[in-house]
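Written below as structure tokens is the structure these notes are about.
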Amino acid sequence: MTRLDHAPRVVVVGYGRWGRYCHCYLVRGTAGLTLHGVVSADPAKREAIRAEQQCRAYASLDEALRDDAVDVIVLATPNAVHASQAVAALDAGKHVVTDKVMCLNLPECDRMIAAATRNDRLLTVFQNRRLDGDFLTVRKLIQDGDLGDVRWLEMAWQGFGIWGGWRGQSGMGGGRIYDLGAHLLDQILLLFPEEVTGVYCRTHHDAPERDVESEGFLVVTFGSGRTAVVDVSSLAAIQKPRFYVRGTGATFCKYGLDPQEKAMMAGAIDSAVEPESQYGVLRTKDGERTIATLPGRWRSYHENLRDVLTLGAEPLVTLSQARRVMAVIDAAKRSGLLAQVVRPER
């Protein structure tokens, strides 16, 4: 891939909550990146884009792809269109960042990877939750041996109420497994790089007004004998721990969510500080101690994007990692239909 000799010019596709308050905000706040434009089919939103972002406003993705000045396309669009939009952008010679979930299934993933390969362009996924402080803390505890040999890992991310909009429509790639589950599976697979031997998925559909799952429960087993559990829910008025990790040397438990999103939505992501009341607890046979949460830093994702395109750095999220996540999600979807354990495709 040829390095760019200028600050990469980025176009964000979609000006909803995430495109506006996350991607535009972080691109504009990253030295060495330029927010060149935003795509929206809504004329009122295009007026807002020009006023708020001080950049070009395109009426369609095709219009942005015809602009030779554009280097990078960031897809902040419904999950169901990620694959077609990414392939079109890659074939137009643009580098591509997709929001998670990368796409809907493994065949779509492979089409996207093939397009990136034949066009010698970057394709990567915005897995910002790799840069959450709680995940970084768990990763360090494992790497430092504080937990011993980790045998069981549970991750939960829950709320109370079924989502509306496109995230409440299965045909658009909505639902908590595709949305939050994609983050949790990415974190699990980073912590456990060994072979996945089985995936079991159980879903509930308790809200007749929505066709997405109200509950999603996944069990992932590994060749090492480790087990990981993902619990995502729309019926959780009382939250479970965000992380619950059992090892041969200790158990770690932590509640609460990383504070960066809330701070970012207020326009000041660098002000994010987790209260000490949300620090996790590590317990051994000799007692317990509070573990201060490491600071998270979502900004590092876009700094890495800049460095990949201008310096040849390794992407924070590689294609092999992204495909591994999609293989497990694909297996989870098949497991849910078959009501049995499924081995992911390679």
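Points to keep in mind about this one:
- For the pair the range 126-179 / the range 277-324, the C-alpha centres are spaced 12 Å from each other.
- Nitroxide proxy distance, nm - points 7 Å out along Cα→Cβ at D307 and L235: 4.5 nm
- Whole-Å distance, taken between Cα centres, linking the range 43-66 and the range 84-119: 22 Å
- Cα gyration tensor category, rounded, prolate or oblate, for the range 124-195 with a/c compared to 1.5: prolate
- Dipole orientation for the range 48-207: of the candidates G148, M102, P78, P78 has the Cα lying most toward the positive pole (charges on Cβ; Lys, Arg +1; Asp, Glu -1).
- Average projected area [Cα convex hull, the range 25-122], square nanometres: 6.3 nm²
- Ranked packing of 322-335, 110-123, 57-70, most packed first, by mean Cβ within 10 Å: 322-335, 110-123, 57-70
- Two-decimal log10 I(q)/I(0) for the range 129-296, as the Debye equation yields it once each C-alpha is a single scatterer, q = 0.16, 0.17, 0.18 Å⁻¹: -1.00, -1.10, -1.20
- Average silhouette area of the range 289-335, convex hull of alpha-carbon atoms, in square nanometres: 5.9 nm²
- Amide H contacts of T77: D99, each under 5 Å away and 5 or more positions distant or on a separate chain (H built 1.01 Å from N in the peptide plane; Pro and chain starts excluded).
- Semi-axes of the equivalent ellipsoid for the chain, computed as √(5λ) from the eigenvalues of its C-alpha gyration tensor and ordered from largest down, come to 33, 23, 21 Å.
- Cα-projected label distance for L257 with R202, points at 7 Å along beta-carbon direction, nm: 2.5 nm
- For the chain, the longest principal axis of the C-alpha atoms and the axis of helix 182-191 are separated by about 60°.
- Inter-site label distance for S84 and K285 at 7 Å from Cα along Cβ, in nm: 6.0 nm
- Calculated [θ] (222 nm, deg cm²/dmol) that DSSP helices of n ≥ 4 give over the chain, each run adding -39,500 (n - 2.57): -9000 deg cm²/dmol
- Placed amide H near T293: partners under 5 Å, 5+ positions off or other chain: G280
- Cross-link table K240/K262; K140/K285; K100/K333; K240/K285, entries beyond 22 Å C-alpha to C-alpha: K240/K285
- Added length on full extension, which subtracts the Cα-Cα distance from 0.36 nm per residue, E314 to M265: 14.8 nm
- A cut-off of 5 Å between modelled amide H atoms, ignoring neighbours fewer than 5 places along the same chain, links V39 with V12, V13, G14, Y58.
- Net charge dipole, the range 129-296: roughly 220 debye, given to the nearest 20, about the Cα centre with Cβ charges of +1 for Lys and Arg and -1 for Asp and Glu.
- FRET E, pair D62, R111, Förster distance 25 Å, beta-carbon r, rounded to 0.05: 0.85
- Highest mean packing comes first when the peptides 8-16, 242-250, 288-296, 43-51 are listed by Cβ atoms within 10 Å, giving 8-16, 242-250, 288-296, 43-51.
- Axis angle, to the nearest 10 degrees, between helix 43-53 and the longest C-alpha principal axis of the chain: 80 degrees.
Computed from the coordinates by the stated procedures, all read-outs in this text should not be read as laboratory data. The structure presented is a predicted model; accordingly, all values stated were derived computationally and were not measured. Cβ coordinates were reconstructed from backbone atoms using ideal geometry, including for glycine residues, and neighbour counts include every protein chain displayed.
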